[in-house]
Amino acid sequence: MIWIFYSHGITALIGPSGSGKTTYLRTLNRMHDMTANVKVEGEFLFHGKDIYSDSFDLVDLRKRIGMVFQQPTPFPFSIYENVAFGLRLGKKVPKRVLDQEVETALRQAGLWDEVKDRLNTNALGLSGGQQQRVSIARVLATKPDILLLDEPTSALDPISSRVVENSLLNLRDRYCLIIVTHNMQQAARISQRTAFFNEGRLVEIGKTRDIFLNPVEKETQDYVSGRFG
């Protein structure tokens, strides 16, 4: 099956627990390279080149296809240093450039106004929602083409979840975002396209409205109507 991700917008991956959503997501920036006895079949073409080819630079890949995890993952140092971390890898960046890039990333993540006066405080002192947005800003600072998000709001309270959702909505015109979510209401709220997985298979993909209101496959209809899952 040929599956095309558009350069902008949000694609939601939905399905029951254990259906293969996260497993699939992790193939998109070769996270499974760090797992023993994993076999990957097929191709994932990124700018026309298979990311699983031996010649693909993994460091460059993970800068250009960034990932945000279920639990917020701030490093135990300042907000500023968290966001600047990826920018400093392997190169020396002038302070004025770092300042500008950190501010831009925090603005894109919808966090700048909340933290601009305390950039030197430890990121671990932030709320869960703020920590998750720091994690998003850290990825955005490296200017990725694609942002992978593995249930980024499932560990957050409803208010924090909505703030993170709003940040993603503000990003969807500039980035390709692919989000795994168990929350079908969230998928319906923020995504333009939705893919339904079940038992390790991609069952159906299409416009979000069509998946929820007029799915082609009965299996999809049964899931979105609550008959299983």
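For the cross-link pairs Lys63/Lys207; Lys49/Lys207; Lys95/Lys143, which exceed 21 Å when the distance is taken from alpha carbon to alpha carbon?
Pairs exceeding the cut-off: Lys63/Lys207; Lys49/Lys207.
Let me know the longest stretch in the chain that avoids all chymotrypsin sites (Phe, Trp or Tyr not before Pro) found in a DSSP loop with at most 12 other C-beta atoms within 10 Å.
7-227
What is the order of Asp54, Asp60, fewest Cβ neighbours within 10 Å to most?
Asp54, Asp60
By how many degrees, 0 to 90 and rounded to 10, does the Cα axis of helix 158-171 deviate from the longest principal axis of the chain?
90
Report the per residue volume, in Å³, of the convex hull enclosing the C-alpha atoms of the chain.
132
To the nearest Å, what is the center-to-center distance of segment 1-60 and segment 103-151, using C-alpha atoms only?
Their Cα centres are 24 Å away from one another.
Where both partners of a DSSP beta bridge lie in the chain, what percent of those bridges are antiparallel, to the nearest 5?
Just about 35 percent of them are antiparallel.
For segment 114-123, what does the Karplus curve 6.51 cos²θ - 1.76 cosθ + 1.60, with θ = phi - 60°, yield as ³J(HN,Hα) per residue in whole Hz, taken in order and with x for Gly and Pro?
Coupling constants for segment 114-123: 7, 10, 4, 9, 9, 5, 8, 7, 5, 5 Hz.
List the trypsin sites (Lys or Arg not before Pro) within segment 133-229 that DSSP assigns to loop and that have no more than 15 neighbouring Cβ atoms inside 10 Å.
Passing both the DSSP loop test and the Cβ count: Arg174, Arg227.
Whole-Hz ³J(HN,Hα) for each residue in segment 58-73, computed from phi via Karplus 6.51 cos²θ - 1.76 cosθ + 1.60 with θ = phi - 60°, x for glycine and proline: what do you get?
Taking θ as phi minus 60°, the curve returns 5, 5, 5, 4, 7, 7, 8, 10, x, 9, 10, 9, 4, 8, x, 10 Hz for segment 58-73.
Expressed in nm to one decimal, what extension gain is obtained for the pair Lys95 and Val59 from 0.36 nm per residue of sequence separation less their Cα-Cα distance?
Roughly 10.6 nm would be gained on extension.
Run through the DSSP bridge list for segment 148-206 and note the antiparallel percent, rounded to the nearest 5.
On the way: 5 of 8 bridges.
Percent antiparallel among DSSP bridges in segment 148-206 is about 60.
From the backbone phi of segment 132-145, what are the Karplus-calculated ³J(HN,Hα) couplings (6.51 cos²θ - 1.76 cosθ + 1.60, θ = phi - 60°) in whole Hz, Gly and Pro given as x?
Here the 3J(HN,Hα) series is 5, 6, 5, 4, 5, 4, 4, 6, 5, 4, 8, 6, x, 8 Hz.
Read-outs throughout are calculated quantities, based only on the coordinates presented, and are distinct from any laboratory measurement. The model shown is predicted, which means the values in this text are computed figures rather than measured ones. FYI the Cβ positions are ideal-geometry reconstructions off the backbone, even for glycines, and counts take in every protein chain you see.
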